[in-house]
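Some notes on the structure that comes next.
Where a number appears in this text, it was derived from the coordinates with a stated rule and is not lab data. It should be emphasised that the depicted structure is a prediction, and the values quoted were computed from it without experimental measurement. When we count neighbours, we look across all protein chains shown, and the Cβ atoms used for this are built from the backbone with ideal geometry, even at glycine.
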Amino acid sequence: MRHRGRQGVVLMAVVLLSCGGAVGSEAVAIGPEVQLFVDDVLVARRAGVLRRVHACEKLDHPVLRADEPWERTDIDRRIYVYGTALRQEDGSGYRLWYNGTQGRLLYATSEDGIAWGRPDLGLVAYEGSTANNLLDLNIESPSVVEDPDPEDPARRYKLLGHRGGGGRGCWAAYSGDGLHWQFYAKNPVVSGGDTCTLAYDAEADEYLAFHKRSHEYRGVTRRLVYLAVSKDMQEWSTSRLVMAPDAIDDRQTQAAGGQHSHFYNMSAFRYGSQWLGLVTHFRHMGAPAEKGPSQSGQDGPIDVQLVHSRDGREWEQCEDRSPVIENGPHAYDAGCILGVTNQPIVTDDEVWMYYSAITTTHGGYLPKKEISIARAVWRLDGWCSLRAGEAGGFVETVTLRPEGDRLLINTDASNGLVVAAVLDSDGAALAGYGEADCVALRGDCVRGEVRWGRHRRLPKDRPVRLRFRVRRADLFAYCVE
């Protein structure tokens, strides 16, 4: 299933009635990008299916620890990935920008995304030697985006990060290779707290800065996520609130013995035909019970929730608030997930995100608090599904006008099945394309091709609706190539 390219959904004066009701006669044009079931924007009706987010899979160990002397002190073992992981330009492996102590910016490479090495860059002297992976840019929370076809090759890479002190705020920098960086003439460019993530919207040719601000919201001072937008990394729009915890989040925290919820930061990225976001949910429990050095006065665990958007500007939380990156079961992230890379790495059948894994809750102290970098893995498109049990259920799309004619679905039907029907705009099955004609998909497949008897392709040049019948299975996504 494709995840790059132009916007996959164009809304065309269509009446969208979620989960029931008649659908307008105008069709929605869709391209070959994957269509997730994270929202009901393209759903006309559904019954017997429940929307469920899916927690990631983890390794039993971090992929990077603070092992080098320039990354740690005797009691301070903390490296962070409020940063970025990208493929190498030639596709031969992966590269990672991350932070050590004292705002040091570091760089690592990997062939498989698990074993990471620290190349000797020769850029910054540490204790008389440049044989290290330090970059000559003192910045925290470094988000990097790449423009593979830049007008100015010296600005192929853009970076947004945080600096404290007199120049406190979000600072912008550029680079031709991701290693040699220059600050833009105007800095800081966005005011805000100590975390930020940068995204690039290729459709609008705009940069999006998601950053933390703290103020009273719903009667309590909380950490909240704001957004500013820019065309050139220099002039930015007025920041506005885009993601805040609601009463449901507070009730979750209070049910666990806490006080209220904060959203520490948010990574946002285009995925298929829409945008997804990962929000770090701080469940504030009060002051730490134990006292120690380098300690926050606010304690509680932090995990990660999935949020979604159709344009990257207006955001909604999922129906299912279950964490997609949970704390534990391993000790290295049992306390907090403090930061997540600003974009995923998508392989043929998996999605990877890297995150800051903390052994203690937010109010932990040194040396008990150790922060390392870990990897979260989902199946391709595996963020969220519509799930049906033994009784079965269905989901039916609005009227669509697909560009392609090959229907692929992503499903885990290891213990069940999924069938699809092609309907006209009034909801009647087309001849030869009914559920009885469909060859049922069974098993676990991320690109299951749908066939109906002798038909291997959708009918061309006409609007259609798709109905998926699901039994004992999870339906994650579909696309029309």
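Values as computed for the structure displayed
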item	result
ASP74/THR109 FRET efficiency (R0 22 Å; Cβ-Cβ; nearest 0.05)	0.20
Amide N of region 388-408 lying under 18 Å from the label point, which is placed 7 angstrom from the Cα of ASP424 along Cα→Cβ	397-402
Extension reserve of the ALA331-ASN138 stretch, reckoned as 0.36 nm per residue once the Cα distance is removed	66.4 nm
Separation between Cα centres of region 35-70 and region 348-369, rounded to whole Å	16 Å
Length-normalised contact order for region 49-105 - Cα pairs under 8 Å, 6+ apart - percent	25 percent
Nearest-20 debye value, the chain charge dipole, Cβ charges on Lys, Arg, Asp, Glu	900 debye
Signed unit charges on C-beta, dipole axis of region 57-379, positive-most listed residue CYS318, TYR157, GLY292	GLY292
Taking ILE358, ILE139 and counting other C-beta atoms within 10 Å, the order from fewest to most	ILE139, ILE358
Cβ-based exposure ranking for HIS362, HIS54, HIS180, in which fewest neighbours within 10 Å come first	HIS180, HIS54, HIS362
Likely footprinting exposure, GLU396, GLU350, GLU33, fewest C-beta neighbours within 10 Å first	GLU350, GLU396, GLU33
Proximal lysines to LYS368, defined as alpha-carbon separation beneath 27 angstrom and excluding residues fewer than eight positions away on the same chain	LYS58, LYS212, LYS291
Normalised contact order of the chain, rounded percent, pairs of Cα under 8 Å and 6 or more residues apart	18 percent
Sequence-separation-based contact order of region 223-296, relative, with Cα cut under 8 Å and 6+ spacing, percent	25 percent
Spacing of the two label points (7 Å from each Cα toward its C-beta) at LYS231 and GLU151, in nm	0.9 nm
Cα centroid separation - region 426-446 against region 251-283, whole Å	37 Å
J(HN,Hα) series, region 77-87, from Karplus relation 6.51 cos²θ - 1.76 cosθ + 1.60, nearest Hz, glycine and proline x	10, 9, 10, 10, 10, 6, x, 8, 10, 9, 5
Difference of contour (0.36 nm per residue) and Cα-Cα distance, SER129 to ARG454	110.1 nm
GluC sites (Glu not before Pro) within region 107-143: DSSP coil, no more than 11 neighbouring Cβ in 10 Å	GLU127
Tensor-based shape of region 57-379 (alpha-carbon gyration tensor, a/c under 1.5 rounded, otherwise prolate or oblate)	rounded
Estimated [θ] at 222 nm from DSSP helical runs (n ≥ 4, -39500 (n - 2.57)) normalised by residues in the chain, nearest 500	-500 deg cm²/dmol
log₁₀ of I(q)/I(0) at q = 0.15, 0.20, 0.22 Å⁻¹ - region 185-234, Debye sum with one point per alpha carbon	-0.47, -0.72, -0.81
Chain lengthening between ARG462 and GLU481 when straightened (0.36 nm per residue, less Cα-Cα)	5.3 nm
